[in-house]
Structures are given as structure tokens and as C-alpha cells.
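All of the numbers you see were taken from the coordinates with simple rules; none came from a lab. Values in this document were obtained by computation on a predicted structure and should not be read as measured data. So basically every Cβ, Gly included, is an ideal-geometry build from the backbone, and we count neighbours across all protein chains shown.
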């Protein structure tokens, strides 16, 4: 077997594209980041301009490749990309609109109609995707009603659009396709019933391929913009969520990955394509041998950022602001002395999938301080993820270790809350670039430089571990029961 080589991993995210150069031990040799905005022209709209993102991809690759240490040879490029994006393109390959991102909710009414249809269960069973506005299935339904729809030759994700411009062809890896709501996760092909529900034909979607697919024939203009040599192997890779699980070494029984980014998610890699009988979880195909199952909630760092803007303390810098919130929350006992924050400021996703659920503070009294509110917000965000953890335990058995990434891992208070509320050992990976490292792992396997994804456990080194505390776990078991009753009560009185 060939020695593990140097891989340039490209991660197309919702806030920026990052290009990270890893050596064979998973150490970062160079890194470049190119940011771009999220466009919100109307309420519930969240879109991005592909003509801004594609140049950012080129610039990030050019900077990271150009910043490689002297004498280092790059052996491959590999891609990770945001899940759930979709846009229409015309016959000239030009986008007819910005692409809709995961957080775009304009198709909520369409998703609700699909959820109530007689075909809902069959669609979920085949695709593994709950019928929600996060999925391109519903988003395409909305796009089909727009004036440009008759000119739409195909519908693609931002990753497919980037690959078309890099290599001159439309293809989509199984992972990206499976997170669309349009893909049969067992047969690994587009699902006829889902296509009919979206109102499109199979030829309007890209041919699906294994995420281990290797491309080598770059378009000359792409090479000119990046500095890469012709013939450089490029592994198409997968979606950022499942690659983040690979990148933190969350492989095998008893281990899950939790990411608290703008949204929050909990995922497990599984060897069989099963769906939850109650429709609470999603399951997507990864490659020839693995699927990923889990759940997502919108109440992640976007809710934490809301708290900082509206109720957070004053601070001279963002770093000091985070430190101040951590100190405030750490000074308050678990459970915030009866104060509970429901984090559903933009609806509830897994495991209930109810976009009408709302958030709020309950139990507020005169004795509560800003520190109590800070603690309650961190606990509320964590509780929304804990519901996914418990659902996964119910389906797959014990989860003893959770590997966490995202903006909250720098908070010691949050890590303690997470360990006690999840009732599991929390491991913080050394590298914050989980999705990019996962893409590098996939490249090593695809190119015969590693036997399987087990290599991820070797390169995903830990920077810290937090063990659960028995008393804290006891407090949070009672807290979660009370919070669940509170959510039910809120739903019973909403207008």
C-alpha cells in the first residue's frame, strides 16, 4: 500500500471556503479561508451567489497550494461541501437564481403538503429524509413555481456547479445526492417517486457517483486560476456533515459526532441503511459500505449569537465576550435554578420536525441574573441536541463517547454541560478542520493510501477530554424531562 500522501482538502461552507493542506499524519501544513456573505432578502430566505462562491474556491485553493512548505509535493485534492444547497441552471450552464441554502425556509408550505400526502412514508423509507424545508426536494418544488422555471435545464448544488467549472461535467457524489430527499439511499440512484413529487425529470439532475471517484482532467482555466498541475488527482468527496464525522474519528459503535455550528447536529456512521420507524432521524448514503444517520436542529450557534447580540454582556472584543459568557454561565449551578430556555427561535427540527414550535425563557424570577440566562441558553441549545443523542441511543444502543466540534468547544462551561447532559465522555479534537480532514481521509482510502476509514482514529488526535459527572447527569435527566413537558405545553397554547 502506498504511503499516505499530502492532500489539499477544500471545504465549501456556508460562511467561507477553506482549503487546508494536510500531511500524511493529518497535520496542517497550510490553510486559506475565503469568506462570502449569506443573502437574506426576505424573511425565511437564505441564499448565496454562486458567482461569488466559485471565485472564493479558486482563491482558497491558490493560496493554500501556493503556501505549501518548500519541497512538499501535493498528491491529491479532495472536496467537502455544505449539504442541502440547490439552484436552477439554464442551457448555457449559468445560474438562473442564487442557490438556496440549508436554512432557507421559503418552501415550508410545500414540505408541509408533502408531509401530509399519502406518499410521505414511502418517500421517507426510500430516501431516508424527513419531509422538511431543509431538503432540495421541497426547495425545487418552490423553484418550479418561479418565472425562470421553464428555462431550468437542471438543478444542482453549489458543489456540482463548482465541479462543472473545474472539470467540465456535472456529477454528484452519493452523499450530496442522498441529502437531497430525491435519492434512493439503498439503490444509490434517483428515486422516481421523489422526482415526481418535485415535478422534475431524472435528466434534470446530475449523474450520481461514488464519493471515492477520482477526476484528473481539469479545465485549463481552472488550473490557471489555482496553480495546480494538470493530472492532479481530485477525489470528489462528500457532504461536510459526514466528512466531519470521519475527520474527528467518530467511526464504529458507541461513538457519535456532535457539531454546534450555525445549526447543530449529531451523527453516527452505520453499516446498514435503516430508517427510524417514527421518522425522527435522517439516514444518508455515504459510500459502498457506510451510511450516516442522525439529526439536525437549527438551534445551534445562530441562537447563541442571538443571545450575544440581544442579552449578552458588553466586551471589548469577541474573544473577551465569549470568555465573559463562559464565566457567567460557569458561576451558575446546573439547571440555572429553574430557568429553562427553549431554543426554537426558527422552529423545531429533529426529532419532531415541527416548524411552528417557538422558543422562550420559562421560570424567570427576580433572583435570576444575566449569568442564569447565559447558563440557560447554553443548556437549551445542548438540550435540543441531547434529544437527538437519546433517539440515536434508542435506535443503536449505548453512546459512550461524543466527539464535538464547532464554536462552543472553546467554552469550558459548555463542555461540562454537554458531558453531563449527554451522559457521555466528550472528546475535543485537536484540529478544528473536521470536514476538511475527513475529505483527506476519504482521499487516502480512494487512492489506496489507507485500507479503510479506521485511519481517521489515528490522525484525529484529541486536545481534551471531559468525563460526565454523576450528580450533573442526575440533575440534567430531571431537567430534560421538565423541558420536554414545557415544549409540549408551549405547543398546546400556540395560535
request  = Report, to the nearest 10°, how far helix 470-493 tilts away from the longest principal axis of the Cα atoms in the chain, using its own Cα long axis and a range of 0 to 90°.
outcome  = 80
task = Return the whole-Å distance between the Cα centroid of region 118-162 and the Cα centroid of region 303-374.
result = 34
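Could you rank the peptides 209-219, 129-139 by their average count of other C-beta atoms within 10 Å per residue, with the highest value first?
Working: 209-219: 16.9, 129-139: 27.6.
Top of the packing list down: 129-139, 209-219.
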inquiry  = Output the 0 to 90 degree angle, nearest 10, between the alpha-carbon long axis of helix 370-396 and the longest principal axis computed from the alpha carbons of the chain.
reply    = 60
note = Going fewest to most other Cβ atoms within 10 Å around each Cβ, 400, 225, 288 line up as 288, 400, 225
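Quick check: from the Cα gyration tensor, does region 7-242 come out rounded (a/c under 1.5), prolate or oblate? Don't jump to the answer; show the numbers that get you there.
On the way: a/c = 2.00, a/b = 1.77, b/c = 1.13.
In terms of gyration-tensor shape, prolate.
Need one word for region 339-416: rounded, prolate or oblate. Basis is the Cα gyration tensor (sqrt eigenvalues a ≥ b ≥ c); a/c below 1.5 gives rounded, then a/b vs b/c decides.
Values: a/c = 2.18, a/b = 1.31, b/c = 1.66.
Cα axes put region 339-416 in the oblate bin.
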task = Just order 264-270, 337-343 by mean Cβ neighbour count inside 10 Å, highest at the front, would you?
result = 264-270, 337-343
inquiry  = What number results when the radius of gyration of region 381-495, computed over Cα atoms, is divided by 2.2 N^0.38 Å?
reply    = 1.31
ask   = Over region 7-242, what is the relative contact order in whole percent, taking alpha-carbon pairs under 8 Å and six or more residues apart?
value = 21
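Determine the relative contact order of region 332-458: mean sequence separation of Cα pairs under 8 Å and six or more apart, normalised by residue count, in whole percent.
Numbers: 133 pairs, mean separation 24.4, N = 127.
Once divided by the residue count of region 332-458, the mean separation gives 19 percent.
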remark   = Checked region 212-306 against the a/c 1.5 cut and the a/b vs b/c comparison, axes a ≥ b ≥ c from its Cα gyration tensor; verdict oblate
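Counting residues in the chain as N, plug N into 2.2 N^0.38 Å and put the Cα Rg over that result. Please report the intermediate quantities before stating the final value.
On the way: Rg = 22.0 Å, N = 495, 2.2 N^0.38 = 23.2 Å.
That ratio works out to 0.94.
Order these peptides, 8-15, 20-27, 176-183, by their mean beta-carbon neighbour count within 10 angstrom, highest first.
Numbers: 8-15: 24.8, 20-27: 19.8, 176-183: 29.8.
Packing order, densest peptide first, comes out as 176-183, 8-15, 20-27.
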inquiry  = Rounding to the nearest 10 and keeping the result within 0 to 90°, find how far the Cα-based axis of helix 50-66 lies from the longest principal axis of the chain.
reply    = 80
request  = Evaluate the relative contact order of the chain (contact order divided by residue number), counting alpha-carbon pairs under 8 angstrom at least 6 apart; express in whole percent.
outcome  = 15
